[in-house]
1. Once you have the Kirkwood Rh of the range 186-290 from its Cα pairs, apply Stokes-Einstein at 20 °C and 1.002 mPa s and quote D in µm²/s.
2. Could you please tell me the mean projected area of the C-alpha convex hull for the range 54-161, averaged over all directions and given in square nanometres to one decimal?
3. With θ set to phi - 60°, apply the Karplus curve 6.51 cos²θ - 1.76 cosθ + 1.60 along the range 78-84 and write out the HN-Hα couplings as whole Hz, x wherever there is a Gly or Pro.
4. Using modelled amide H (1.01 Å from N, peptide plane; none on Pro or chain starts), what sits under 5 Å from the amide H of LYS71, excluding residues fewer than 5 places away?
5. What full-extension length gain, to one decimal in nm, is calculated for ASP219 and ARG138 as 0.36 nm per residue of separation minus the Cα-Cα distance?
6. So how much slack lies between LEU44 and GLU186, counting 0.36 nm per residue of separation and subtracting their Cα-Cα distance, in nm?
7. Taking the 0 to 90 degree range and rounding to the nearest ten, how far is the long axis of helix 152-162 tilted relative to the main principal axis of the chain, both from C-alpha atoms?
8. Under a crude label model (7 Å from the Cα following the beta-carbon direction), how far is GLN33 from ASN95 in nanometres?
Amino acid sequence: MKASVPAQASPESATTRSHPKRNSPQPGRKRNQWRRRIMHNWELYLFIAPCLLYFFVFHYLPMYGIQIAFKNFLPTKGITGSEWIGFDHFERFFNSYYFWDLLWNTFSISLYELAVGFPLPIILALAFNEVKDGLFKRGVQTVTYAPHFISLVVMAGMIITFLSPSSGILIRMLEGIGIDTPAFLEDPRWFKTVYVVSGVWQSTGWGTIIYLAALAGVDPQLHEAAIVDGASRLRRVLHINLPTIVPTISILLILNVGNMLSVGYEKILLLQNSLNMESSDVIATFVYRTGLVNNQLSFSTAVGLFNSVINAILLVTLNRIAKRTGNSLW
């Protein structure tokens, strides 16, 4: 038997193996490619420049001040001159008697709002999509969209007026049909319901716009084929329309969970009083009260940083779970 002689490598392959970096693009070439790409699409980059500038100025530059959460900040000494105290503010917040109450109120309101307010725009969008275009459809859409344009101050004033124990129109209507009305704004047990239901009434119609845009991309031939096969309207909604908007639902669910602890404090402050404080005091209102009212800037920054970190953890966790289905943010 003849001994097998290994084939000699060509000079080019030997050179390639000995110098693998020659095949990788050089940093200078990458910079030139980026420069050419920007110059070729300069109109698009100019179009998004104001948005990027806004986020840089109002969201990223203020991050420099986060360090006061780890300092005993004194305005006279400035951020850099204030004393570094580490995690003292965080320990003070975690060991306080109101920590669990704030956390429970924030989570319960957010979960309540997510459970009630998230599915309703989906259901309403599927219903609108099944209604033929006409005066009735446009009228109902206008009525459901309109509350979104009411400011929070006006909305809070309407809620207080309608639910007033002495002259509230809703109270009078319920009493007229023989229902004993509780003190909706004074009873802590009813505050979360009032907050969530009013928010759903104001935002549900506006939230359907995204889902209606996604439903506009459904291929009509799918419905035609399903009709030929004898599928009912409900089956076509469940097996054609609903799967089409599942990616949109996943993305919006991730964003909503990522803002779980970011309960808007403006509306709560407008509806809050000393009687419902037990269930209405959330992390955002606590940060406002300690920071701006009581001037405890370092402590309020620490609480706000804790809130942001928890939101980021929830966002990343749910995004990893959704990534398995291929409907993640990144």
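The values are calculated or read from the model by the stated rules, or taken from the named source; none is laboratory data. These numbers were taken from a predicted model, which means no experiment stands behind them. A quick note on method: Cβ atoms are made from the backbone with ideal geometry, for glycine too, and the neighbour counts reach across all protein chains shown. Just the protein is used for accessible areas: all its heavy atoms, side chains included, with ligands, DNA and RNA removed. Shrake-Rupley method; radii C 1.70, N 1.55, O 1.52, S 1.80 Å.
1. 126 µm²/s
2. Dividing the Cα hull surface by four gives the mean projection, 12.5 nm².
3. x, 5, 6, x, 6, 6, 7
4. ILE85
5. 26.9 nm
6. Additional length available on full extension: 45.9 nm.
7. The angle comes out at about 30 degrees.
8. 5.5 nm
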